[in-house]
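Before any comments, here is the structure.
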């Protein structure tokens, strides 16, 4: 298959998560929904179920407004909205990590609004570096396992987890390599890049790895396209087709990202030596450079200009998901760090309820003038 | 033109609770300022961080949330917020954080001065926003950050594993502060501090519970003033004494049939959420003009920590209002409503607080049903005056009053 055919396959999956879910259910598989961020999908996979990412959808919110005030991020409101409207029917459970205030509220609301889908919170220790953090993380993984055993009517087997960890590490590696290869090929559009990351949420990792590996080979076989303006993108979610169309029509080439739904999710592998559950704990302890994780040295702030330089980006674009506290706190410091590093930066604000992106287009067009 | 005659306020009786509590609250800043002048290390501390740690170590700390509330109540909330916004902080962020980050930058406020910190003590049993705010302080001021992570208890009670996790962090912070400041932990002093904190808390919780009497012996807005001591000084011996004085005064009011609530108490409500500090007078008058007394709020009780062991203390810190799940949060409030004969619930949908407001619509709906009381919400903010509309507040409170009136007629 050519690169474009493989991209088209990713796009189809990214745009039709329900079809994917129906396909797995028809195969007799169980599906567990995984909300942002860092849900222990390896555990779900090891128990024979398919983890499927839920990040809301681009749509108007109606029913969820009975549960949330207006100033909560549209991603978590969208998860509850879709749950109320039976879009997730058939799922065996939802795992929701509690890594920001909006997710904490969303979990409690999901319980009340969607009682048909068992709600499994994953409480991560933010103070995760010391042994007490590891111990607490493991205790909460065990709670998730116990809840999954009930929801899936199956038993957890740690030996199988070792296998799943390998599958997920392979996938991480493939996703990292894809991002590197896409950085060398300006013909890879923002939309295509987004589709590859988004489709990963709705497939088994083994299936997705196979596609991504083929894609990497197919892109490498191509002559790199005409140079476009290399940029670095930071944010939570950048999957909106309207937004990606603006990136593409403005001639921007994403050479690397710091996006929660994209590269942030694939930076850290679980170690493979030792008890598998401990390896998973270690993975979380080693995860960082993210606004939603406690970051005493604010390494996330320095990562953005460092990576932007490393990948030859001419500028940094912050795609701020409206009402995201963690991102809104990091932004002023990241901007300052970019300024100090001499890297131009700009912020655009998005929301999953947005219909018109003209303001974002105007800001980006003005930014391109600065870059050129 | 007639000359304006300013009415002189009578001096406050130095034996009164008002005087004692006011002095303790003011002294908290003065003591920290003096400590800084002596060359001692001073910290900034989250309001529900275990106060037992700095108090036992003899470290002076100030409370940025308390300072931000003071600045907002004295009218400078917007100015400070705009300073932070000019640096790129979104106006959707917590206004306490914006006020404090602005203060950290300009290092002055005539409304509420505060010494600059040498370290910050952070705890997220109020919200995760605290981490991000304090991380930024630590980076911008180049000072160490100490945290106690208290996650949301997703079970009805905190689990043993959570208590063990928080306990380990408690001692980790103690050891870190010993190393940084050279101060030494003293078990005997810790015991005394715990006793002080419990004594103040017992008196405070008893005082707030006196609202069960009809009429209530106090105006609920008094709670908002007096709670500053519980935030900033509950580990100090004098806090217990002052709180006991307050309790005695309110008990005296009950005996005498008097109250600090002026006028007839026609309706009794629970107020939900943090006070609208920039509009304290407006929000208070809106109730008083309709004979409504805010007799209880979980916000006030949040700062009462009465325990009998170390584990119990940790458990209480794991059970602050924003650290518990919907069911526990709801049940605590239902108890307050029932114990205090509440007839209506007024919810402050606080633009600053995503944690407090995140599941508030569902929780208040459940409380309303369980207590068979009307629930009305208004939009506001704890420190940014731009997020409050007096007209909306008036309309909502009027609506609440009318429903309560109608309910009385039916009953």
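The table below gives the values:
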| item | result |
| --- | --- |
| Filter result for residue A:239 (modelled with pLDDT of 95 or more, crowded, with 16+ Cβ neighbours inside 10 Å, in contact with a helix residue (DSSP H, G or I) (Cβ under 7 Å, 6 or more places away or on another chain) and under 16 Å from residue A:307 (Cβ atoms)) | no |
| Residues of the stretch A:1-28 classified as in a loop (DSSP other than H, G, I, E, B) and over 26 Å from residue A:76 (Cα atoms), total | 4 |
| The one condition in (1) more than 18 Å from residue B:301 (Cα to Cα); (2) more than 13 Å from chain A (Cβ to nearest Cβ); (3) in contact (Cβ under 8 Å) with a residue 12 or more places away in the chain that residue B:342 fails to fulfil | (1) |
| Any hit, the stretch A:108-117, residues being facing chain B (nearest Cβ under 9 Å) and within 18 Å of residue A:144 (Cα to Cα) | yes |
| Residue in the stretch B:188-200 that is on the phi < 0 side of the Ramachandran plot and in contact with a strand residue (DSSP E or B) (Cβ under 8 Å, 6 or more places away or on another chain) present | no |
| Residue list for the stretch B:116-152, filter: surrounded by fewer than 19 Cβ atoms within 10 Å (Cβ to Cβ) and in a loop (DSSP other than H, G, I, E, B) | B:116, B:118, B:142, B:143, B:144 |
| Residue check, residue A:172 touching a residue at least 24 places away in the same chain (Cβ under 8 Å), within 22 Å of the chain's Cα centre (by Cα) and either surrounded by 19 or more Cβ atoms within 10 Å (Cβ to Cβ) or farther than 23 Å from residue B:156 by Cα (or both) | yes |
| Qualifying residue in the stretch A:46-68 (condition: modelled with pLDDT of 95 or more, in a helix (DSSP H, G or I), in contact with a strand residue (DSSP E or B) (Cβ under 9 Å, 6 or more places away or on another chain) and surrounded by fewer than 24 Cβ atoms within 10 Å (Cβ to Cβ)) | no |
| Qualifying positions in the stretch B:154-193 - crowded, with 16+ Cβ neighbours inside 10 Å and assigned to a loop (DSSP other than H, G, I, E, B) | B:154, B:158, B:159, B:183 |
| Any pair with Cβ under 7 angstrom, 6 or more apart, that starts in the stretch A:127-147 at a residue that is more than 7 Å from chain B (Cβ to nearest Cβ) and without any contact (Cβ under 8 Å) to a residue 12 or more places away in the chain and ends at one that is part of a loop (DSSP other than H, G, I, E, B) and crowded, with 16+ Cβ neighbours inside 10 Å | none |
| Residue check, residue A:312 part of a loop (DSSP other than H, G, I, E, B), more than 24 Å from residue A:164 (Cα to Cα), more than 12 Å from chain B (Cβ to nearest Cβ) and at pLDDT 95 or above | yes |
| Hits in the stretch A:71-107 (condition: within 9 Å of chain B (Cβ to nearest Cβ) and in a loop (DSSP other than H, G, I, E, B)) | A:71, A:72, A:73, A:98, A:99, A:100 |
| The stretch A:217-236, subset touching a helix residue (DSSP H, G or I) at 6+ places or on another chain (Cβ under 7 Å) and surrounded by fewer than 21 Cβ atoms within 10 Å (Cβ to Cβ), residue farthest from residue A:344 (Cα to Cα) | A:218 |
| Where a residue in the stretch A:347-372 is more than 14 Å from chain B (Cβ to nearest Cβ) and its partner, wherever it lies, is at pLDDT below 90, with Cβ under 7 Å and at least six apart | none |
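The values are calculated or read from the model by the stated rules, or taken from the named source; none is laboratory data. These numbers were taken from a predicted model, which means no experiment stands behind them. FYI the Cβ positions are ideal-geometry reconstructions off the backbone, even for glycines, and counts take in every protein chain you see.
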